[in-house]
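The values are calculated or read from the model by the stated rules, or taken from the named source; none is laboratory data. None of these values were measured; they are calculated from a predicted model. Cβ: placed from backbone, ideal geometry, glycine included. Neighbour counts: every protein chain shown. With ligands, DNA and RNA removed, areas are computed over all heavy atoms of the protein, side chains included. Shrake-Rupley method; radii C 1.70, N 1.55, O 1.52, S 1.80 Å.
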Amino acid sequence: MFDTLWKNVTAATMAGEGFGIINNAAIGVTGGKISFIGPENTLPKPAGQLCEYVFDAGGRVATPGLIDCHTHLVYAGSRAHEFEQRLQGVSYEDIARAGGGIASTVKATREASEDQLFDLALLRLRSLFLDGTTTVEVKSGYGLDFESERKILRVATRLRDEAAFRVQRTFLGAHAVPPEFKARADEYVDAVCDMMQKLHAEQLVDTVDAFCENIGFTTQQTRRIFEKAKSLGLPVKLHAEQLSDMQGAQLAAEYGALSADHLEYISEAGVAAMAKAGTVAVLLPGAFYYLREKTLPPVALFRQYGVPMAIATDHNPGTSPVLSPVLMLNMACTLFRMTPEEALAGLTRNAAKALGYDKICGTLETGKAADMALWDIAHPRDLSYAVGHRPCHGIMIAGDWHPQEPE
Ligand code: DI6
Ligand code: FE
């Protein structure tokens, strides 16, 4: 009846309120999906009669596989020297205006081959995997010309096809104005729209993002990008209100965006617009921490308006060189004062919603993909509590088990 059956599981289903804990649970997998989840003693027959492959989870905690819904995983080069400059008091914006920042990663990424970028990204993916991740969103945006953006999105596609992860590929051509378009941002936006069409025709794009900011693109320019995405039937999301309130959240909501991300400087009107549109707030504690930001995202307002909150690593070489989603659980609690339940929902159920994958994954429920992480912990709150302990025992993606240590 089942392809595999897990018993002796402490399941944190993340469906409904709180952690959704089922003690002494069994999880049956059929055709890569969850076909049974519930107390073991409610299985219709003894486990051995239901399935040849019965695994004993040893009482470990199972959660939905973690979903890192905002990363810039594909790039070359390091920005450690800028980290040092920032320690000397130079601001992120000053570095960007002086031609460093995103532009320096663009230079290194343009110079790298597709295979080099693939190898670098695969190593980073491996770290996410060690922390229980089964789904990752990967943005382009360090190419900023057709060939280089194409190279990055091809790497993201190979990660999807060769590394067996669930990968969403996001075109972020509007991440920064490249040097060859200096002071010609509007013309660059035309080029971005043109690139989007061609890359979409090559089936390299799942969603579209832009950096709406005073050092990025105006709301008017972002609107043009969203219009183009809409004409191609591509869902949108937005880097909004990270450093200032540009009213990007309202614009994202107007276009029914899957998510608006960062949001430290969002206004109450922005929160209300997101609530109405069902747009997920993706909060990024890594970038907040590295930039030593003082203004907090308005978690209380998101709660009040019922805006679902996701959290993610925002892995990138400039503002969040972080490859640990589990660390983000802790930072969401310590820095943003989210509860451990909210933090874990932010890396599972709400992260799935931020990708438009909520019918596919993000909770442990029958009919969903059998994407799960198994942890050496006593209770799911432990994941937010301790740092650096690497408690993930293994992950399952579509029913395939990948142990952390070869068994
Ligand atoms: N916001 C960020 O925090 C990253 N991109 C963005 O739009 C930073 C990217 C970088 O500095 O390389
Ligand atoms: Fe980002």
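Computed over all pairs of different Cα atoms, the Kirkwood value for the hydrodynamic radius of segment 66-354 is 18.5 Å. With the alpha-carbon atoms of segment 325-381 aligned to their principal axes, the span from lowest to highest coordinate is 34, 26, 15 Å, starting with the largest. Structural descriptor for segment 260-354: relative contact order 30 percent, calculated from alpha carbon pairs under 8 angstrom and at least 6 residues apart. Couplings 3J(HN,Hα) of segment 296-308, computed from phi: 7, x, x, 4, 4, 5, 4, 4, 4, 8, x, 7, x Hz, in residue order, whole Hz [Karplus 6.51 cos²θ - 1.76 cosθ + 1.60, θ = phi - 60°; x for Gly and Pro]. A probe of 1.4 angstrom, applied to the heavy atoms of all protein chains, finds V299 with accessible area near 10 square angstrom. Karplus-derived 3J(HN,Hα) values for segment 274-290, using 6.51 cos²θ - 1.76 cosθ + 1.60 with θ = phi - 60°, are 5, 4, 5, 8, x, 7, 7, 8, 9, 9, 10, x, x, 5, 4, 5, 5 Hz; glycine and proline are entered as x. One Cα centroid belongs to segment 1-74, the other to segment 295-340; the line between them spans 27 Å. Were the residues from E84 through S244 laid out at 0.36 nm apart, the gain over their Cα-Cα distance would be 55.2 nm. Here r is the Cβ-Cβ distance between A201 and S127 and R0 is 22 Å; the resulting FRET efficiency, rounded to 0.05, is 0.10.
With all protein chains present, calculate the accessible area of S127 using a 1.4 Å probe and round the result to the nearest 10 Å². Number for this one is 30 Å².
For segment 66-354, relative contact order (Cα pairs under 8 Å, six or more residues apart, normalised by length) works out to 18 percent.
For V167, the residues whose modelled amide H falls within less than 5 Å of its own, excluding neighbours fewer than 5 places apart on the same chain, are V136. Close amide-amide hydrogen proximity is noted between G394 and L374, Q404, each under 5 Å apart and 5 or more residues distant or on a separate chain (H modeled in the peptide plane; Pro and chain starts excluded). Between the amide H of G173 and those of D209, distances stay under 5 Å, these residues lying 5 or more places away or on another chain, with hydrogens modeled in the peptide plane. Across segment 85-93, computed HN-Hα scalar couplings (Karplus, 6.51 cos²θ - 1.76 cosθ + 1.60, θ = phi - 60°) run 4, 5, 5, 7, x, 6, 7, 4, 5 Hz from first to last residue, x flagging Gly and Pro.
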